[in-house]
Amino acid sequence: MVTQAALLLSAYPISLSSKYSFNELITILITTWSYKVIMAVILLPVGIALAEKVKKLESVDVFDWNISYNPLFTGSKKK
């Protein structure tokens, strides 16, 4: 939710400020943010169910144990 708000607050005023008034822009921001958040909440269970189904069909479930994706860590990891 916060990321969507940050994206909309940074991109929409730049791209739409010349076409809409301030009040219209605020309405567009609130409406778009609300729609994105509501759709994310509604579609989250669908995405989880689909991921579980694909994992069962492909018999693949991969976990990244003992792997560091930290780009600043260059040493070897103790086991």
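Bear in mind these aren't lab numbers, they're just calculated from the coordinates by the rules spelled out. Quantities reported herein were computed from a predicted structural model and do not represent experimental measurements. Note: ideal-geometry Cβ built from the backbone for every residue, glycine included; neighbour counts use all protein chains shown.
Some notes on this structure:
- All positions within the stretch 23-35 that are under 15 Å from the mean Cα position of the chain (by Cα) and either within 12 Å of Tyr12 (Cβ to Cβ) or β-branched (Val, Ile, Thr) (or both): Thr32, Trp33
- Every residue from the stretch 1-15 that is within 16 Å of the chain's Cα centre (by Cα), closer than 10 Å to Trp33 by Cβ and assigned to a helix (DSSP H, G or I): Gln4, Ala5, Leu7, Leu8, Leu9
- Hey, Glu52 without any contact (Cβ under 8 Å) to a residue 60 or more places away in the chain and over 22 Å from the mean Cα position of the chain (by Cα) or not: no
- The stretch 16-32: number of residues that are part of a helix (DSSP H, G or I), surrounded by 10 or more Cβ atoms within 10 Å (Cβ to Cβ) and not charged (D, E, K, R): 9
- Enumeration of residues in the stretch 51-75 that are closer than 27 Å to Ala5 by Cβ and in a helix (DSSP H, G or I): Ala51
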